[in-house]
Amino acid sequence: MKIQLWSVGKDHESYIKAGVEDFTKRISRYYPVEWKIIPAPRIAASLSPAELKKKEADRILEGLQTADCLIALDEQGKPWSSGELAQFMQTKANDSVRNLVFLIGGAYGLGDEVLKRADHRWSLSHLTFPHQLVRLILAEQLYRACTIQRNEKYHH
């Protein structure tokens, strides 16, 4: 199984980049993993939030394969504990899912078309985090889930 981490927006900010790279490298010991940064449309400033979400949704849906398992990070999604995330990932690996795609939306969230396509909607927290920080939290939690699967000491 391959893990893909997709995020709408700019490249990783310098204050986040080192942490994201570190946890991504750690995840790669367990699963092939890669980041895909989906740039916002060039005319984003002139679009309404609904129009912007629609354009972002079109780009996201273009990149997805039919068999990809899409997990949309969404404030209305289901909260998972670290243990539940580990179990979810193990189940998908056991089911021979080829690509597990975790998606972080843009500033206004994800378009309805993407949410309808999503196989799962996951809420990281009831708190609101800066977009870039969500990338770091996601990478760390995926690494934590990998260590839980292997019963390693990182997760106490």
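Entry remark, the range 112-156: residues being assigned to a loop (DSSP other than H, G, I, E, B) and not hydrophobic (A, V, I, L, M, F, W, C) number 12 in total.
When each of 64, 127, 73 is tested for being surrounded by fewer than 16 Cβ atoms within 10 Å (Cβ to Cβ), hydrophobic (A, V, I, L, M, F, W, C) and within 28 Å of residue 13 (Cβ to Cβ), the lone residue that passes is 127.
Residues in the range 94-147 that are among the polar types (S, T, N, Q) and out of contact with any Pro (no Cβ under 9 Å at 6 or more places or on another chain): 94, 96, 99, 128, 132, 141, 147. For the range 76-111, filtered to residues that are of a type in the set (Gly, Ala, Ser) and assigned to a loop (DSSP other than H, G, I, E, B), the residue that is farthest from residue 138 (Cα to Cα) is 96. Every test in (1) within 28 Å of residue 10 (Cβ to Cβ); (2) in contact with a helix residue (DSSP H, G or I) (Cβ under 9 Å, 6 or more places away or on another chain); (3) small (Gly, Ala, Ser); (4) at pLDDT 95 or above is passed by residue 83 save one, and that test is (1).
Is at least one residue of the range 28-36 in contact (Cβ under 8 Å) with a residue 12 or more places away in the chain, open to solvent by less than 80 Å² (accessible area, probe 1.4 Å), closer than 25 Å to residue 115 by Cβ and part of a helix (DSSP H, G or I)? The answer is no, given that none of the residues of the range 28-36 is in contact (Cβ under 8 Å) with a residue 12 or more places away in the chain, open to solvent by less than 80 Å² (accessible area, probe 1.4 Å), closer than 25 Å to residue 115 by Cβ and part of a helix (DSSP H, G or I).
The values are calculated or read from the model by the stated rules, or taken from the named source; none is laboratory data. Note that the structure is a prediction, hence the values are computed from the model and not measured. Using ideal geometry, Cβ is built from the backbone for each residue, glycine included, and neighbour counts are taken over all protein chains shown. What goes into the accessible areas is simple: the full protein's heavy atoms, side chains included, and nothing from ligands, DNA or RNA. Shrake-Rupley method; radii C 1.70, N 1.55, O 1.52, S 1.80 Å.
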